[in-house]
Amino acid sequence: MTATDTAVDTAAVSARGVARAFGSVQAVADATLEVRPGTVTALIGPNGCGKTTLMLMLAGLLRPDAGEIRVAGADPRHDSAAVRAAIGWMPDQLGSWDNLTCLQTLTLMGRGYRLHKHEARERGAGLLDMVHLSEFADRPTRVLSRGQKQRLSLARALMNDPQVLLLDEPANGLDPRSRVELRTLVRELAADGKAVLVSSHVLAELDEMVDDAIFMSKGRTLGDEAAEKVADAKRRYRVATLDDAALKEVLVEGGVPFDDEPSGVVVRVGSEEEAFQALAWLMSRGVRVHRFGPAGSALEQTYMAMEEERR
Ligand SMILES: Nc1ncnc2c1ncn2[C@@H]1O[C@H](COP(=O)(O)OP(=O)(O)OP(=O)(O)O)[C@@H](O)[C@H]1O
């Protein structure tokens with residue numbers, strides 16, 4: 001193994017059997033996850049299932065009652081300085097000093113990371129430009145809209161050029177353009193080698209952004225069972241035709257199992273190669289297909305299935 005490999009290995013986040021209670025509320029009961037460098041992982045679950053509490057523990061801002069956490073190879077309980085240096089934390093709501101300007105806010109953050117004042121200002125100005133807030137550089141943060149605050153919060157999380165990014169509901173309050181930009185930026189940060197853990201309730205959006213997903217329910221992370229459901233959901237393809245009756249006839253004749261759902265006919269394909277073959281076969285049989293593709297968001301389908309089981 002080379003020195004670079006070792007550096008990359010230690011950049012990831014891992015949690016094993018992590019738990020935390022607030023009085024009688026067991027906010028996180030048993031959380032296990034890994035985030036690899038260069039990837040984006042989604043943290044998904046209903047309101048109150050423990051996502052923020054788990055992220056606060058990963059960020060070293062809250063002590064776990066039990067379990068093991070490593071961030072960039074460091075244990076937040078014993079080496080919080082190393083963890084702080086390695087992570088960028090974007091909370092679901094920006095706690096800011098209302099009277100400071102945007103640039104002052106970032107500069108102060110940079111000073112906290114021991115950057116020289118001019119270095120911190122320069123980096124802050126660059127990040128404000130990246131999140132399209134340059135025109136607000138010298139205005140107090142209190143004048144920012146909710147979405148603009150989110151963007152400042154993201155810039156703040158990047159001030160220390162972190163190896164690990166923890167983003168709690170980053171798309172909250174963002175307009176459509178900003179959401180697309182956020183998605184692109186998060187992918188770029190991952191391509192840069194950063195490990196990104198992102199929580200969101202907008203699952204269709206996560207579909208396009210993430211490599212992996214961790215599902216949580218009632219304080220527990222759901223392992224293989226959820227991964228299998230995601231893999232299965234990714235195999236579901238919707239076939240839209242000009243004549244569904246003809247399609248069903250061809251599928252029945254060919255012995256191809258399908259689901260006849262209110263929104264259309266759904267078949268299962270094992271791979272993209274198999275999807276290509278299935279489409280070619282349908283066309284060769286004269287089925288008038290006008291659309292053929294994944295049947296919606298795999299994460300959304302998995303989420304709904306898990307929720308259904310837990311009712
Ligand atoms: N400081 C606290 N004191 C008491 N209870 C808390 C505290 N923080 C969180 N909880 C409780 O712990 C549980 C998990 O909360 P948490 O904020 O981690 O959920 P979440 O998954 O992030 O929810 P959401 O999707 O709504 O943001 C909830 O029942 C919440 O009420």
Practice task
Rank these for me by crowding, Met130, Met283, going from fewest to most other beta carbons within 10 Å.
Solution key: Met283, Met130
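Loop only per DSSP, at most 16 neighbouring Cβ atoms within 10 Å: give me the GluC sites (Glu not before Pro) in region 148-215, ordered by residue number.
In loop regions of region 148-215 (DSSP not H, G, I, E or B), the sparsely surrounded GluC sites (Glu not before Pro) are Glu208.
In units of 2.2 N^0.38 Å, what is the alpha-carbon radius of gyration of region 69-151?
With N residues counted in region 69-151, Rg over 2.2 N^0.38 Å equals 1.20.
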Exercise for the section: Divide by every residue of the chain the summed helix terms, -39500 (n - 2.57) for each DSSP H run of at least 4, and state the resulting mean residue ellipticity at 222 nm, rounded to the nearest 500 deg cm²/dmol. Expected result: -12500 deg cm²/dmol
Exercise for the section: With +1 on each Lys and Arg Cβ and -1 on each Asp and Glu Cβ, and nothing else charged, work out how big the dipole of region 3-222 is about its Cα centre, in Debye to the nearest 20. Expected result: 660
Completion exercise
Share of Cα-Cα pairs in region 232-309 beyond 20 Å, whole percent, is 29
Exercise for the section: Using Cα pairs closer than 8 Å and at least 6 residues apart in sequence, work out the relative contact order for region 88-239, in percent. Expected result: 23
Fill in the blank from the handout: Taking alpha-carbon centroids only, region 185-255 lies from region 138-160 a number of Å equal to 31
Fill in the blank from the handout: Quick note on Tyr237, Tyr303, Tyr113, ordering by fewest other C-beta atoms within 10 Å, gives Tyr113, Tyr237, Tyr303
Handout entry: Residue order, fewest to most surrounding Cβ atoms within 10 angstrom, among Cys49, Cys102
Key = Cys49, Cys102
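The numbers here are math on the coordinates, done by the rules we state, and not lab data. Quick caveat, the model's predicted, so the values are computed rather than measured. Neighbour counts run over all protein chains shown; Cβ positions are idealised from the backbone, glycine included.
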